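Before any comments, here is the structure.
The values are calculated or read from the model by the stated rules, or taken from the named source; none is laboratory data. On a predicted model such as this, the values are computed, not experimentally measured, just so you know. Please note: Cβ atoms are built from the backbone with ideal geometry, for glycine as well, and neighbour counts cover all protein chains shown.
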Amino acid sequence: MIRVLAIAALLLGVLPAAALASEGGGGLINLDRSIIIQGINFLLLLLILGKLLYKPLLAKMEERTQAIRKSLEEAQAARAEAQREREEHAGKLQAAYAEAQAIRATALKEAAEEQRRLVEGARAEAGRLVESARNEMAQEVTRARQALRQEVVDLAITAAERLIRKSLRDEDHRRIVQDAIGRVEKVG
Amino acid sequence: MRSHERTARRYAKALYDVAREAGATEAIGQELEQVAAVFTGDAGAHDVLTRPWIKPADRRGVAMGIAQKAGAGKLVQDFVGLVAERGRADHLPEIVGAYRTLVDDELGRARAQVRSAVALTDGEKRALSGKLEHALGKRIILEEQVDATLLGGFIAQVGSLIFDGSLDGQLARMRQRLARG
């Protein structure tokens, strides 16, 4: 930048002098007192340009440099923050995944246990039902046998009663009574 | 039913004590049986003596009148009047039974109710009485009743003791044995 300003100042200083020389017909630069004025002009111009243009320009450039640096730093920080958050999220995700795995494993274990328990319960219940049915069947058979036996006995006794009633004569009654009297001793 | 019997025993005991003091337990018992037979046989008298809305004094009067007509003495008339007055006329059959038991105990005898398929001959009655007397150690009075529903033989009951000498009993026992297998 300084170099540009120097070239600009030189041109501003030399071009009027060269013009003056061409008007006088004496060449590009006349070595007379005008050169001193030109020199002073040049210095004044250099001073004014430096004051009004160069310093603000430098300040502006510095400001922009700072802004860019700040932006870069912020970007760096943001990137680092993003990285940290990403890592944190990854960690959380990992933890959540691990937790989900653990929950799944627990659920599977519990489901297997429940299934085993249900199967065992169902097996036991089935066993009980079978046993109960077997018992009921046995009781039913016993009852049926008993009922059949009772019926046969009733029929036989009823038939015997009819037969006895028909066939008993007076002497039979007498004999039965005497037999019974003979057994009275067993009363006590 | 138990309280019915207890009440009857109380009345019977009271009458028995008075009759024993008078030395006429058997005679009083016979009079009481006659009066009870009239009560049991006469539905009208039974109704009058057991209805609670008839005044106790009237019931007493009616009962004493019936007892007098039945030929009962003063003691039995008063007793029956008292029983009717207290609304216990329906207890008379049980009172008679309880009184009879007291007298029988006093005289060392027992009554055997015998149900038989055919009427027992005198010899059979004597034999049965003898056997029961021997078995129970008491003089036995047989009260025989022919029961046509019995197949054969007899059933004798003395108090709570029952001797089953009937064919029906034998068949029933056989039925149980066969049914048990």
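Brief remarks on what is shown
- Count - residues of region B:110-144 that are within 7 Å of chain A (Cβ to nearest Cβ) and of a type in the set (D, E): 1
- Number of residues in region B:145-163 that are more than 8 Å from chain A (Cβ to nearest Cβ) and buried (at least 17 other Cβ atoms within 10 Å of the Cβ): the value is 3.
- Residue within region A:89-96 that is touching a helix residue (DSSP H, G or I) at 6+ places or on another chain (Cβ under 9 Å), farther than 30 Å from B:T121 by Cβ and either away from every other protein chain (no Cβ under 14 Å) or not aromatic (F, W, Y) (or both) present: no
- Picking from residues in region B:164-181 that are charged (D, E, K, R) and out of contact with any Ser or Thr (no Cβ under 9 Å at 6 or more places or on another chain), the one that is nearest to the other protein chains (Cβ to nearest Cβ) is B:R175.
- For region A:156-188, a residue qualifies if it is part of a helix (DSSP H, G or I), farther than 17 Å from B:S116 by Cα and at the interface with chain B (Cβ under 8 Å from one of its Cβ atoms), and the qualifying residues are A:A156, A:I157, A:A160, A:E185, A:V187.
- Flag if B:G97 is in contact (Cβ under 8 Å) with a residue 60 or more places away in the chain and under 16 Å from the mean Cα position of the chain (by Cα): yes
- Test: residue in region B:36-45 that is in a helix (DSSP H, G or I), under 25 Å from B:R139 (Cα atoms) and among the hydroxyl-bearing types (S, T, Y): no
- Test result for B:G87, outside any helix (DSSP H, G or I), surrounded by fewer than 19 Cβ atoms within 10 Å (Cβ to Cβ), at pLDDT below 90 and within 20 Å of the chain's Cα centre (by Cα): no
- Which listed residue, of A:V119, A:V130, A:V153, is under 26 Å from B:G181 (Cβ atoms), assigned to a helix (DSSP H, G or I) and among the aliphatic types (A, V, I, L, M): A:V153
- Any hit, region B:149-160, residues being more than 18 Å from A:R183 (Cα to Cα) and touching a strand residue (DSSP E or B) at 6+ places or on another chain (Cβ under 6 Å): yes
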